[in-house]
Amino acid sequence: MKPPVAVVVLAAGAGTRMKSALPKVLHALAGWPMVRHVLETARRLKPARIVGVVAPGARAVEAAFAPHRTAVQRRPLGTGHAAKTALGALAGHRGPVLVVFADAPLITTATMSRLVAACRQAKAAVGVLGFVSRDPTPYGRLIVRDGLLEKIVESRDADEAEKKVEFCNSGVMCIDGALIGTLLGAIRNDNIKREFYLTDIVAIARAAGHVAIAVEGDEEEFQGVNSRAELVVAEKVLQRRLRAAALEAGVGMTDPDTVWLAADTRLAADVAIGPNVRFGPGVSVGAGSEIKAFCDIEGVRIGRNTIIGPFARIRPGSDVADQVHIGNFVELKATRMGRGAKANHLAYLGDSDVGAASNIGAGTIAVNYDGYGKWRTVVGAEAFVGSNSSLVAPVRVGRGANVTAGSVITEDVPAGAVAFGRARQVTKKRRAGALRAKLKARAAAAKRAKKK
Amino acid sequence: MKPPVAVVVLAAGAGTRMKSALPKVLHALAGWPMVRHVLETARRLKPARIVGVVAPGARAVEAAFAPHRTAVQRRPLGTGHAAKTALGALAGHRGPVLVVFADAPLITTATMSRLVAACRQAKAAVGVLGFVSRDPTPYGRLIVRDGLLEKIVESRDADEAEKKVEFCNSGVMCIDGALIGTLLGAIRNDNIKREFYLTDIVAIARAAGHVAIAVEGDEEEFQGVNSRAELVVAEKVLQRRLRAAALEAGVGMTDPDTVWLAADTRLAADVAIGPNVRFGPGVSVGAGSEIKAFCDIEGVRIGRNTIIGPFARIRPGSDVADQVHIGNFVELKATRMGRGAKANHLAYLGDSDVGAASNIGAGTIAVNYDGYGKWRTVVGAEAFVGSNSSLVAPVRVGRGANVTAGSVITEDVPAGAVAFGRARQVTKKRRAGALRAKLKARAAAAKRAKKK
Amino acid sequence: MKPPVAVVVLAAGAGTRMKSALPKVLHALAGWPMVRHVLETARRLKPARIVGVVAPGARAVEAAFAPHRTAVQRRPLGTGHAAKTALGALAGHRGPVLVVFADAPLITTATMSRLVAACRQAKAAVGVLGFVSRDPTPYGRLIVRDGLLEKIVESRDADEAEKKVEFCNSGVMCIDGALIGTLLGAIRNDNIKREFYLTDIVAIARAAGHVAIAVEGDEEEFQGVNSRAELVVAEKVLQRRLRAAALEAGVGMTDPDTVWLAADTRLAADVAIGPNVRFGPGVSVGAGSEIKAFCDIEGVRIGRNTIIGPFARIRPGSDVADQVHIGNFVELKATRMGRGAKANHLAYLGDSDVGAASNIGAGTIAVNYDGYGKWRTVVGAEAFVGSNSSLVAPVRVGRGANVTAGSVITEDVPAGAVAFGRARQVTKKRRAGALRAKLKARAAAAKRAKKK
């Protein structure tokens, strides 16, 4: 059996052009921190290990790599130095070592696999992913002769002939694990910037009589993210991929350009999505359900034949069963809606559990917070909670109970009971005129007072 | 007088690539089922009859054709067979027969008319709409010689010379009603798929000494919808047309790319529409009205100089007069708002009738549903409904009446009366400290209990 | 020192193609009336004076020019006549006179400056901004010989050689203030339309032995707005510029194409903006703050590390401090939120002042309007306003006070007090069955009555 691959993810770049306190590789793309995209892509290779190379003190980046090991690159001395930093964590590994970049999140598992497979077949010491660019000017060029990669020439060092080469260096490499220590150790920093360039190992390997190869991929997969504008470009690419995959799977979207998917959004066939829906991470939606326009949905399993929105917001920790209706201006947070339950208008259900076939009236608030603790509201099956009610948690409304409209419920309502928590109406005939005269006079007086 | 045209709409395709339980031609485009677009386009020709050809058991598709006749194609034996299926329903028709496709909804009445007129002028037995494509590879080619259409060659049957022809078959045909039976009857299925191809009738007609012609149209009009992705493309084309027509008519739109119109949306000149507005079917808006950002509007006549939104949702059966204000997080359902009435903040008005110049306070709910029936709320003119009120329907608030804020109104309020349905305030001085200490202790205890 | 420039802004065009009651130059672009863009761009030149030329009776346009002078062009006799109209207001001015168009709002200060500087250096009587167009057909051409501008030829008057010239007239001119009266006075209207064309002064100046020059700019900057569709194009250009500048400054945007900025929106570095956010004029947001998806924000200063949205609406006159949370379906109007204050769910706070660290519960309404006057609600620091409360203004809730959920507060609540304004709950056991039977029977009876 072939020895498995190891993946080194370089994540120590400074990212100053982002102008952000957040480390660059933690900026979100399709609902995930950037680095997670490369990690998930790498994981699908089933590597023996993954090693992150991070900057000193980047605790949050280290955490994003967990449970994988990270090595700290003490000083920013170039990509060759960064790769060398990972050597300790690679001790004992003999298979290919794939070196990828946390800030180039668009690479696919298929492309990674192709590089590794080509290196294995060619018994290459080094393999490099390249791409043909319409405008190769800014990139290093891959100089291939007789099917072998001869060297990588930086753009500024290219001679006239090399400048015409359109085959560019992506930076992604596969290095023979048995040779990686020797090859990286041979890189020198005798250049203006005093940096160790990983690209030098191609010429080093060839000089030592090893094989080096280049494998072509699609330019799009290698786009790096160094600025907010490039982050936007990467987001657009990811969204295009996710939307196309959803359409292909039979998801209906009125205007996919206005549906923002997370990398892990799972939508069944025949889910219908209106314009302007944002999915945060952790959402699955069952067949036949509809998400109408203007929804913001995150961290929830939604069942089948359920209708959400328009203007609904679902927050993490929620679970919405089949045939549920969640209507406009309704917020769910950490709330379970049982089969066929309804909350159709202007309601806040937080930390709640609503039983099957129950109806939550318009304007209902589950009062889950008292300034100190968060408390649960439990509504049994087939209950009817009247409009504009306040359910002051912790509180239970029993199965089949009725809460009358406008009630403040502070005590549990037993199953089958009717609860009132509102005042009786008092109507004073012919009094509106006098009231209005008073209000009008008050407004006029205030206006006069303001003028003074 | 020329004999009128008949239109045959082929709608029996399986649509498996949609991966949907809904028949393909019923998927929505610009707020209408796909097939309705072709039907409305055909109707403008004032045809003597329209005949739909549908798959067995497609009741919903048949219903979409009503009041037009449909013929059931028992087995999917090709377009020629489908057209033949309609012959019974065409009995007695002598004028031209236009054959169009329910899943090609972008064709215009003007293009249909041009084909029919050209056929009449040329006394053609068959006329075919074609288009010049940049990439003709997938399409059948129209082979024209000396101004006459000789035959249609399927892409896979084309020889080298024919492959270079860029004039492609749209599938849309006009067939002489006096000849259609004979021509369709002559189509054979001696091909690999054992299907009857409608395209064969061109060569059949020519062999019989008849005239056949081709008429050029715009490729965009002939795009078929076979997948979710193609549905998206068709939606984009329709939206582009609708938006351009609205701008031309003097409608202002901040960002038309985020305004979704229905095919029947009627907007007067000087209507202003913010970004992110979705119009469902059945909306008209009068001059000078403004629909602010983030609105979802369907089935409502809106008057002049009215302001809607942002974040308003209007559902079918509503009628909003002139100079009305509907503000943020307000939902109307089957509700009439009289001239100058206002509901500016967080309210649900369902099955309601609000009189002219009345003011509905923030947070007001028309409690229209009791779990069994839906009931109406009627508010007279110049009434004032205080904030956070619940109007428990069926209920009437009379002209000029005042409902005080926070009231639950269960009984009619006479004109000019003031209604209270709330408790009197009780203030307990210096008690917040003790209350908070209690709440804090409760939260701490719960936290401790959780840890265990 | 060089004599300063004067700017004449031509704003008297009819704008009939807009099909609008609003004068064309007052239509909004990036939150400002169109004419204000040209005014702000011109102001950055620090001109000695700005003069607007307006149509008779265009009071609103005159107001948009304030405090700058306007001259009324009594009859629409062409651009030359319009420029002449400004001569009175230019009396005494000796420096260059820049003539720009209120309906060409995309010109930049840099381009204006380049023209003025080039004119000064060349001691030109007239300088004209031109652009190279892919499709010059509709434009007048700038005929340059030996580095000097010879004349401007209208498209319809161009001979074959001139038609090939791709250098087009933008209309923007810089005229020597010492010569402007003479030059404009020499323009004649001996043409079919009987209009005075400003473009004629180039040939006039050259014939009189003066220098005329052309300066090239970018076509995009000179696009005029004559229709709704062109207004949309101009909006897109402005939005693209504003979004790119924000990204460059370190603002994060998930999908900048769905963020609508106003010309004066100020966003600090590391502000994060979700998809679908509309900024009206007058917004600034401090570093580290997040505006989540689906927000509509106008006229507010927002502090640092504050979280807004999703689905929040903030209206003018508001001030939101650091570390504030404004959640979904919350509206602020003319409201101050102190440091760390929270209003997370379904609330309307109008004309309110909420103290630091106070919590406004879900569904709370500040009842600011009684039908006649608007009144203020003042909530002290560290207060807790329970859910679904109505604060009937004018009213004060003191520091550290508690308002219980569902209360209607009509009287001031002293600091540290607990206020109740709700009924006590009454629960009737086993009564839901009877209630439901009654409601069910009522619904059935209504259904029967309807059928009759």
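Matching residues to (1) assigned to a loop (DSSP other than H, G, I, E, B); (2) under 31 Å from the mean Cα position of the chain (by Cα); (3) on the phi < 0 side of the Ramachandran plot:
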residue: B:LYS193; (1), (2), (3): yes, no, yes
residue: B:PHE196; (1), (2), (3): yes, no, yes
residue: B:ILE201; (1), (2), (3): no, no, yes
residue: B:ALA205; (1), (2), (3): no, no, yes
residue: B:HIS210; (1), (2), (3): yes, no, yes
residue: B:GLU216; (1), (2), (3): no, yes, yes
residue: B:GLY224; (1), (2), (3): yes, yes, yes
residue: B:LEU231; (1), (2), (3): no, yes, yes
residue: B:VAL237; (1), (2), (3): no, yes, yes
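Residues are listed down the side, and each one gets a yes or a no for (1) among the basic types (Lys, Arg); (2) in contact with a Cys (Cβ under 7 Å, 6 or more places away or on another chain); (3) buried (at least 22 other Cβ atoms within 10 Å of the Cβ):
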| site | (1), (2), (3) |
| --- | --- |
| B:ARG206 | yes, no, no |
| B:VAL211 | no, no, no |
| B:VAL215 | no, no, yes |
| B:ASP218 | no, no, no |
| B:GLY224 | no, no, no |
| B:ALA229 | no, no, no |
| B:ALA234 | no, no, yes |
| B:VAL237 | no, no, no |
| B:ALA244 | no, no, no |
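Determine whether B:VAL165 is among the β-branched types (Val, Ile, Thr) and not in a loop (DSSP other than H, G, I, E, B).
Criteria not met by B:VAL165.
Looking at the stretch A:376-412, which of the residues that are of a type in the set (D, E, K, R) and in a loop (DSSP other than H, G, I, E, B) is nearest to the other protein chains (Cβ to nearest Cβ)?
Going through the qualifying residues, I end up with A:GLU411.
Of C:LEU148, C:LEU87, which residue is within 16 Å of C:VAL51 (Cα to Cα), touching a residue at least 60 places away in the same chain (Cβ under 8 Å) and surrounded by 15 or more Cβ atoms within 10 Å (Cβ to Cβ)?
Only one candidate passes the filter, namely C:LEU87.
Tell me yes or no: at least one residue of the stretch A:178-186 is assigned to a helix (DSSP H, G or I) and touching a Ser or Thr at 6+ places or on another chain (Cβ under 6 Å).
Taking every residue of the stretch A:178-186 in turn, none turns out to be assigned to a helix (DSSP H, G or I) and touching a Ser or Thr at 6+ places or on another chain (Cβ under 6 Å).
Report, by residue number, each residue of the stretch A:301-334 that is closer than 24 Å to B:ILE314 by Cβ and among the aliphatic types (A, V, I, L, M).
Answer for the stretch A:301-334, where residues must be closer than 24 Å to B:ILE314 by Cβ and among the aliphatic types (A, V, I, L, M): A:ILE307, A:ILE308, A:ALA312, A:ILE314, A:VAL324, A:ILE326, A:VAL330, A:LEU332.
Can you confirm whether C:ALA245 is over 22 Å from C:VAL132 (Cα atoms) and not assigned by TED's automatic domain parsing to the domain that holds C:ALA110?
yes
Can you find a residue that is among the hydrophobic types (A, V, I, L, M, F, W, C), on the phi < 0 side of the Ramachandran plot, assigned by TED's automatic domain parsing to the domain that holds A:ALA393 and in contact with a Cys (Cβ under 8 Å, 6 or more places away or on another chain) anywhere in the stretch A:340-348?
Within the stretch A:340-348, none of the residues are among the hydrophobic types (A, V, I, L, M, F, W, C), on the phi < 0 side of the Ramachandran plot, assigned by TED's automatic domain parsing to the domain that holds A:ALA393 and in contact with a Cys (Cβ under 8 Å, 6 or more places away or on another chain).
Can you tell me how many residues in the stretch C:79-133 are closer than 21 Å to C:LYS46 by Cβ and among the charged types (D, E, K, R)?
3
For residues that are at the interface with another protein chain (Cβ under 9 Å from one of its Cβ atoms) and under 18 Å from the mean Cα position of the chain (by Cα), scanning just the stretch A:253-262, find the one that is surrounded by the most Cβ atoms within 10 Å (Cβ to Cβ).
If we take residues in the stretch A:253-262 being at the interface with another protein chain (Cβ under 9 Å from one of its Cβ atoms) and under 18 Å from the mean Cα position of the chain (by Cα), then A:TRP260 is surrounded by the most Cβ atoms within 10 Å (Cβ to Cβ).
Could you figure out which of (1) crowded, with 17+ Cβ neighbours inside 10 Å; (2) in a loop (DSSP other than H, G, I, E, B); (3) outside the structural domain of C:TYR139 (by TED's automatic domain parsing) isn't true of C:ASP296?
Condition (2) is where C:ASP296 drops out.
If you scan the stretch A:1-37, which residues turn out to be assigned to a loop (DSSP other than H, G, I, E, B), at pLDDT 95 or above and within 25 Å of A:VAL97 (Cα to Cα)?
Of everything in the stretch A:1-37, those that are assigned to a loop (DSSP other than H, G, I, E, B), at pLDDT 95 or above and within 25 Å of A:VAL97 (Cα to Cα) turn out to be A:VAL5, A:ALA12.
Is it the case, given these coordinates, that A:LEU332 is at pLDDT 95 or above, over 21 Å from A:LYS374 (Cβ atoms) and within 14 Å of chain C (Cβ to nearest Cβ)?
Against the criterion (at pLDDT 95 or above, over 21 Å from A:LYS374 (Cβ atoms) and within 14 Å of chain C (Cβ to nearest Cβ)), A:LEU332 does not qualify.
If a residue must be under 28 Å from C:TYR348 (Cβ atoms) and either at pLDDT below 95 or in a strand (DSSP E or B) (or both), how many such residues does the stretch A:314-329 contain?
Adding up the residues that qualify gives 9.
Only one of (1) in contact (Cβ under 8 Å) with a residue 24 or more places away in the chain; (2) more than 23 Å from A:ALA91 (Cβ to Cβ) fails for A:ARG49. Which number is that?
Condition (2) is where A:ARG49 drops out.
For B:LEU115, all conditions in the list (1) surrounded by 15 or more Cβ atoms within 10 Å (Cβ to Cβ); (2) under 21 Å from the mean Cα position of the chain (by Cα); (3) outside any loop (DSSP other than H, G, I, E, B) hold save one; what is the number of the exception?
Answer for B:LEU115: the failing condition is (2).
I'd like to check something: does the stretch C:436-444 contain any residue that is of a type outside the set (D, E, K, R), surrounded by fewer than 19 Cβ atoms within 10 Å (Cβ to Cβ), more than 9 Å from chain B (Cβ to nearest Cβ) and on the phi < 0 side of the Ramachandran plot?
yes
Please find, within the stretch A:209-245, the residue that is nearest to the other protein chains (Cβ to nearest Cβ) out of those that are in contact (Cβ under 8 Å) with a residue 24 or more places away in the chain and of a type in the set (Gly, Ala, Ser).
The qualifying residue nearest to the other protein chains (Cβ to nearest Cβ) is A:SER227.
Touching a residue at least 40 places away in the same chain (Cβ under 8 Å) and either out of contact with any Asp or Glu (no Cβ under 9 Å at 6 or more places or on another chain) or not aromatic (Phe, Trp, Tyr) (or both), is that true of A:ALA444?
For A:ALA444, the condition - touching a residue at least 40 places away in the same chain (Cβ under 8 Å) and either out of contact with any Asp or Glu (no Cβ under 9 Å at 6 or more places or on another chain) or not aromatic (Phe, Trp, Tyr) (or both) - is not met.
Yes or no: A:ALA415 more than 8 Å from chain C (Cβ to nearest Cβ), in a helix (DSSP H, G or I) and not basic (Lys, Arg)?
Here the answer is no, as A:ALA415 does not meet what is asked.
Among the residues of the stretch C:39-52, is any more than 14 Å from every other protein chain (Cβ to nearest Cβ), over 28 Å from C:THR265 (Cβ atoms) and in a strand (DSSP E or B)?
Yes, some residue in the stretch C:39-52 is more than 14 Å from every other protein chain (Cβ to nearest Cβ), over 28 Å from C:THR265 (Cβ atoms) and in a strand (DSSP E or B).
Just give me the residues in the stretch A:345-356 being within 13 Å of chain C (Cβ to nearest Cβ) and either part of a strand (DSSP E or B) or among the aliphatic types (A, V, I, L, M) (or both), in sequence order.
Passing the criteria: A:HIS345, A:LEU346, A:ALA347, A:TYR348, A:LEU349, A:GLY350, A:SER352.
Any chance the stretch A:418-428 includes a residue that's part of a helix (DSSP H, G or I) and surrounded by 16 or more Cβ atoms within 10 Å (Cβ to Cβ)?
No, that holds for no residue.
Applying the selection to the stretch B:151-162, what residues are in a loop (DSSP other than H, G, I, E, B) and either buried (at least 16 other Cβ atoms within 10 Å of the Cβ) or polar (S, T, N, Q) (or both)?
B:ALA158
Just wondering, is there one or more residues in the stretch A:253-265 that are part of a helix (DSSP H, G or I) and either touching a strand residue (DSSP E or B) at 6+ places or on another chain (Cβ under 9 Å) or not assigned by TED's automatic domain parsing to the domain that holds A:PRO310 (or both)?
The answer is yes, given that some residue of the stretch A:253-265 is part of a helix (DSSP H, G or I) and either touching a strand residue (DSSP E or B) at 6+ places or on another chain (Cβ under 9 Å) or not assigned by TED's automatic domain parsing to the domain that holds A:PRO310 (or both).
Can you name the condition, by its number, that C:GLY250 falls short on among (1) more than 7 Å from chain A (Cβ to nearest Cβ); (2) small (Gly, Ala, Ser); (3) over 17 Å from C:ILE308 (Cα atoms)?
Here C:GLY250 clears every test but (1).
The values are calculated or read from the model by the stated rules, or taken from the named source; none is laboratory data. This one's a predicted model, so the numbers in the text were calculated from it and none came from an experiment. Cβ: placed from backbone, ideal geometry, glycine included. Neighbour counts: every protein chain shown.
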